[in-house]
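Reviewing the structure listed below.
The values are calculated or read from the model by the stated rules, or taken from the named source; none is laboratory data. Everything numeric in this text was worked out from a predicted model, so none of it was measured. Don't worry about glycine lacking a Cβ; one is built from the backbone with ideal geometry, like all the others, and counts go over all protein chains shown. Each accessible area value is taken on the protein alone, full model and side chains, heavy atoms only, with ligands, DNA and RNA left out. Shrake-Rupley method; radii C 1.70, N 1.55, O 1.52, S 1.80 Å.
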Amino acid sequence: MTFRKRDCGAFDMRIGRDGTWYYQGSPIRRKELVCLFSSVLHREPDGSYVLETPAERGRIEVDDAPFVAVELCWRHCNCDHGGGKEQCLTFRTNLDEVVTAGIGNPIRVETDPLTGEPSPYVLVRPGLEARISRAVFYELVALSEAEVIEGREVLGVWSQGVFFPIGEPVPDELTEEDWDDEDDLSA
C-alpha cells in the first residue's frame, strides 16, 4: 500500500519581515505553536515555502526570510579551521534556534542597488535563512576586519575558519565633498 501525502494548496499563513507568523491575517501569539510550525517548514526548489507533515503539505507566504537572527554570541575557539581566524559567531533566532556561522551555515549580504542598504542573512537549515536584525548586524560590523579578496579590499567577519564579506571598507579620510549632502540638510 502506498501512502500519498495530501496537498492542501495554499494555507492562509504568512511570515512577516519581522518574523511574526500570521494565520488568516491575525498574528499567532503562542510561541510554542509557531515553533511547531517552523519545525515542519521547508523551502521548495522554486523558492516557495511549504509546511509539510507526513500526511499533508501546504504553501505559505514569507515576506523576506522565515527567521530573524536576534542575538549574536562571539567566542574565541580552539577549533582547527585550516588557518582562518579562531573565532565562532553563533546566532540565536526569534524562535530560539541556535546556529554557528561556518561553511554549512554561511552569512550573506544583499545590497539594495538603489539605496545601498544591506540585507544580511545567515543560513539556519537547508533553504531556510534568518534575516540578521539591524542591531546584530551592527555587532558584526564592529567585529569586522578588512581582507583582500580577488584583489579587492572588503570588510567581513570570520567564523569557524571561513571569511564572510559583509561590506566595503569606509575610506580612511573623507573629503569635504563627502559631507556636502549632509550640509544641505539644514537648508
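The strands (runs of 3 or more DSSP E) located wholly in region 14-64 include none with 2 or more residues which are within 15 Å of VAL124 (Cβ to Cβ), touching a Leu at 6+ places or on another chain (Cβ under 7 Å) and modelled with pLDDT under 95. Out of all the residues in region 56-71, is one or more basic (Lys, Arg) and more than 11 Å from the chain's Cα centre (by Cα)? Scanning region 56-71 turns up at least one residue that is basic (Lys, Arg) and more than 11 Å from the chain's Cα centre (by Cα).
Checking each residue in region 162-187 for being open to solvent by less than 60 Å² (accessible area, probe 1.4 Å) and modelled with pLDDT under 90 picks out GLY167, PRO169.
Condition test on ARG14, is it of a type in the set (D, E, K, R), open to solvent by 30 Å² or more (accessible area, probe 1.4 Å) and in contact (Cβ under 8 Å) with a residue 40 or more places away in the chain? Here the answer is yes, as ARG14 does meet what is asked.
Residues in region 83-103 that are of a type outside the set (Lys, Arg) and open to solvent by 40 Å² or more (accessible area, probe 1.4 Å): GLY83, GLU86, ASP96, GLU97, VAL98, ILE103. Of the residues in region 104-116, none is open to solvent by 50 Å² or more (accessible area, probe 1.4 Å), in contact with a strand residue (DSSP E or B) (Cβ under 7 Å, 6 or more places away or on another chain) and of a type in the set (A, V, I, L, M, F, W, C). Residue check: VAL50 meets all listed conditions (1) out of contact with any His (no Cβ under 8 Å at 6 or more places or on another chain); (2) surrounded by 11 or more Cβ atoms within 10 Å (Cβ to Cβ); (3) not hydroxyl-bearing (Ser, Thr, Tyr) but one, namely (1).
Here is the figure for region 126-155: residues that are farther than 23 Å from GLY19 by Cβ, open to solvent by less than 40 Å² (accessible area, probe 1.4 Å) and either polar (S, T, N, Q) or not in a strand (DSSP E or B) (or both) total 1. Applying a threshold of 6 Å to beta carbon distances and a minimum spacing of six or more residues, or different chains, the list of pairs starting in region 102-116 at a residue that is under 13 Å from ILE166 (Cα atoms) and ending at one that is of a type in the set (A, V, I, L, M, F, W, C) and open to solvent by less than 50 Å² (accessible area, probe 1.4 Å) reads PRO106/LEU123; ILE107/ALA101; ILE107/VAL122; ILE107/PHE164; VAL109/ILE166. With respect to (1) within 18 Å of THR93 (Cβ to Cβ); (2) open to solvent by 90 Å² or more (accessible area, probe 1.4 Å); (3) in contact (Cβ under 8 Å) with a residue 12 or more places away in the chain, the lone exception for ARG6 is condition (1).
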